[in-house]
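Laboratory data are not the source of any read-out in this text; all were calculated from the coordinates shown. Treat the numbers as computed from the prediction; the structure is a model and nothing was measured. In this analysis, Cβ positions are derived from the backbone assuming ideal geometry, glycine residues included, and neighbour counts consider all displayed protein chains.
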Amino acid sequence: MSTESLADFARRRGVNKSTVTRWAKAGRLVLDGNAVQVEKSLDLLAATAGYRADVARRHQLEREERDSAASAGPGLREQLRLAALEKARNEGRIKAAQADKLEMERDELAGNLVRRADVDYVLDDYGALLRRLLAGRAERQGAELGLSADQITALAEADDNLLAELAAALKARATAQDSAP
């Protein structure tokens, strides 16, 4: 019958010393003073095992990965460090985006933020109204004012130019907003 310290038994089992201490307090180890009776304790642990094999296997693989990374050369350790750093950056970006989204939702609910679709609808409606009001205006006012056909044509072209300038300004504004961060 062999005995070993709690720390040695923890290393043998691939667990933390605190886990072995919990086993001892739970009565899952056979102790001889402060030493663990290895064979009897292994049998008792097997008999009282209530763990899931898949979880135990995952923990074992994680321990092996940590051990191999610790024993790897500096190149692999640097790659692992950079990968962990990149993962942390990505998680930070995701959290910042989620926070931005929540802030926008809060502002929208508070009435401080207008949805783009609503703004687009109002602008489209405004543009249609303006086009409808200007359609035929030159002919109507030209007749009322007694303008010549050339003057009425010039007035209609001025209305068309006004609509084109307004459309171009709105398009430039929308493009600038789409490219803004």
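Some observations on this one:
- Cross-link partners for LYS95 among the lysines, with Cα-Cα distance under 29 Å and sequence neighbours closer than 8 places in the same chain left out: LYS87.
- Formal net charge of residues neighbouring ILE152 (Cβ-Cβ distance under 14 Å; K, R +1; D, E -1): -4
- Unit charges on C-beta of K, R, D, E only; dipole of region 3-71, Debye: 260 debye
- Expected 222 nm ellipticity per residue - DSSP helices of 4 or more, -39500 (n - 2.57), all of the chain, to 500: -26500 deg cm²/dmol
- Multiplying the residue separation of LEU80 and LEU42 by 0.36 nm and subtracting their alpha-carbon distance yields 10.2 nm.
- Counted residue by residue at 0.36 nm each, then reduced by the alpha carbon distance between them, the extension gain from ASP100 to ARG116 reaches 4.2 nm.
- Cα→Cβ-extended label distance, 7 Å offset, between GLU64 and ARG131, nm: 6.9 nm
- Among LEU162, LEU134, ALA83 - extreme Cα towards positive end, dipole of region 22-181, charges at beta-carbon: ALA83
- The chain: projected area of the alpha-carbon convex hull, averaged over directions, in nm²: 21.7 nm²
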